[in-house]
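The numbers here are math on the coordinates, done by the rules we state, and not lab data. Bear in mind the structure is a predicted one, so any value in this text is a computation, not a measurement. Positions of Cβ are backbone-derived with ideal geometry, glycine not excepted, and every protein chain shown enters the neighbour counts.
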Amino acid sequence: MNTVNPRKTGLRIVLLATALAALASPAFALTADEVNAATFIDRKKQAAPGPNPFVVKAQVLLSRRSISPGVIDGVDGENFRKAVAQFRRQAQLPEGDQIDEAAWLNLGGDTANDVIAEYTLTEKDAAYDFADNIPRDYAKQAKMKRLSYTSPEEMLGERFHMSETLLGALNPKQAFSEAGARLLVASGRRSPEKGAALRIDAVKSTGMVIVFGAQDKVLASYPATIGSEDMPSPSGDYTIERVARNPNYTYDPEKNFQQGKNTETLVLPPGPNGPVGTVWIALSKPTFGIHGTPEPGKVSKTNSHGCIRLTNWDAEELADLVKPGVPVRFVD
């Protein structure tokens, strides 16, 4: 008869519990002080893998100026470099895409100490009706009531323009689901002047949308996906016709593109995980527009179906800046 050794069984249970705890915890953690106190001399300091505190701070400071780095993730990537290059141009610094000491001082990097702030989860946050998942097939999406967020992490990440990885690193022991929970988040607050945009340039070569105000002052810049080889964006000048917030999406394979095996017109419900995200800014060229996306981390890194795709939060800010009649120029 086989017998069970209680010592070995207890050891297995402890090892299993340890393994499960390791899986449940993030691979790295980051404190508010590490980010808020980062200085120029810290730019190359990174004791562990994960978000770099210096880069997080720079991304937040750029975002506050409406020079969007896309997703605030603490990674020295393409969209961050594009934002740095745009900031250097606006600050009349030498061309480049690196944060040198002059750029850092112009950003206020050594004096800003509030880029990571505390947020308390509300009852409304806790009561949000999350979707179990978002199917990729449009026919299945069309049967849903709303294309909602699928988790608190996704919802909060978008609200504070952050990656879920950074959110988890700043809050390694949080469940993100109980009202009253105190979380650390990026404080990239913006204050756009509503209706101030007078012109928009969509620059295909760099994958950037630049918003101009009076006297050609740059009001905002955003990384963008602008068309593809198969379905290029148009060239030339157009105008904004209307702005729709929280839009549904009409899929028409005869006018747009072929998605999977869907050959019939479908109306997809609204929601942040819909094909055009939380905003649709229609252009005077039929079926073309500027819109949000369900996948902010892929902006400027994957193709679109001819339109201009921004993160949801950048599209929302742009919707505040524009009004019908504002010209949009596609620049090669």
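Miscellaneous remarks
- The aspartates and glutamates within cross-link reach of Lys261, meaning a Cα-to-Cα straight distance under 17 Å and a gap of 8 or more places when in the same chain, are Asp137, Asp252.
- Given in Å, the Rg to one decimal and the Dmax to the nearest whole number for the Cα atoms of segment 26-191 are 17.4, 54.
- Top of Gln86, Gln215, Gln141 by mean-square fluctuation, Gaussian network on the chain, Cα under 10 Å: Gln215
- Beyond 29 Å in Cα-Cα separation lie the following of the pairs Lys57/Lys323; Lys45/Lys173; Lys143/Lys298; Lys82/Lys217; Lys140/Lys204: Lys57/Lys323; Lys140/Lys204.
- Charged neighbours of Arg64, selected by a Cβ distance under 9 Å, balance to +3 (K, R count +1; D, E count -1).
- Long-range amide H partners of Met162 with built H, under 5 Å: Ile72
- Order of Leu93, Leu318, Leu198 - criterion: other Cβ atoms within 10 Å of each residue's Cβ, fewest first: Leu93, Leu198, Leu318
- Point-to-point label distance, Val203-Asn262, nm (Cα→Cβ direction, 7 Å offset): 3.4 nm
- For the chain, the direction-averaged projected area of the alpha-carbon convex hull comes to 22.5 nm².
- Among Met162, Met144, sorting on how many other beta-carbon atoms sit within 10 Å of each Cβ, with the fewest leading, yields Met144, Met162.
- Proportion of all alpha-carbon pairs of segment 115-212 beyond 21 Å (%): 53 percent
- Backbone HN-Hα couplings from phi across segment 313-318 [Karplus 6.51/-1.76/1.60, Hz, Gly and Pro as x]: 5, 6, 5, 5, 5, 4
- Per-residue 3J(HN,Hα) values for segment 122-130, derived from phi via the Karplus relation 6.51 cos²θ - 1.76 cosθ + 1.60 with θ = phi - 60°, read 9, 4, 5, 4, 5, 8, 4, 8, 6 Hz in sequence order (x marks Gly and Pro).
- Amide H contacts under 5 Å for Tyr249: Leu268, restricted to partners 5 or more places along the chain or on a different chain, H placed in the peptide plane at 1.01 Å from N.
- HN-Hα J in Hz across segment 282-288 - Karplus 6.51, -1.76, 1.60, θ = phi - 60°, x for Gly and Pro: 6, 9, 5, 8, x, 6, 9
- Over all pairs of different C-alpha atoms, segment 199-331 has a mean inverse distance whose reciprocal, the Kirkwood radius, equals 14.8 Å.
- From helices alone, the chain scores -7500 deg cm²/dmol at 222 nm; the rule is -39500 (n - 2.57) for each run of n ≥ 4 DSSP H residues, then divide by the residue total.
- Annotation: the antiparallel percentage among DSSP beta bridges lying fully within the chain is about 80.
- Using Cβ point charges alone (K and R +1, D and E -1), the dipole size of segment 26-191 about the Cα centre works out to roughly 480 debye.
- Of all beta bridges that DSSP places with both ends in segment 187-302, some 100 percent have antiparallel geometry.
- Straight-line cross-link partners of Lys124 among the aspartates and glutamates, defined as a Cα under 17 Å from its Cα and at least 8 positions apart when in the same chain: Glu153, Glu154, Glu158, Glu178.
- Neighbourhood net charge (13 Å Cβ-Cβ; Lys/Arg +1, Asp/Glu -1) for Ser235: 0
- Isotropically averaged projected area of segment 252-330, using the convex hull of Cα atoms (one quarter of hull area), nm²: 5.8 nm²
- Asp76 sits among other residues whose Cβ lies under 14 Å from its own Cβ, and their net charge, with Lys and Arg +1 and Asp and Glu -1, is +1.
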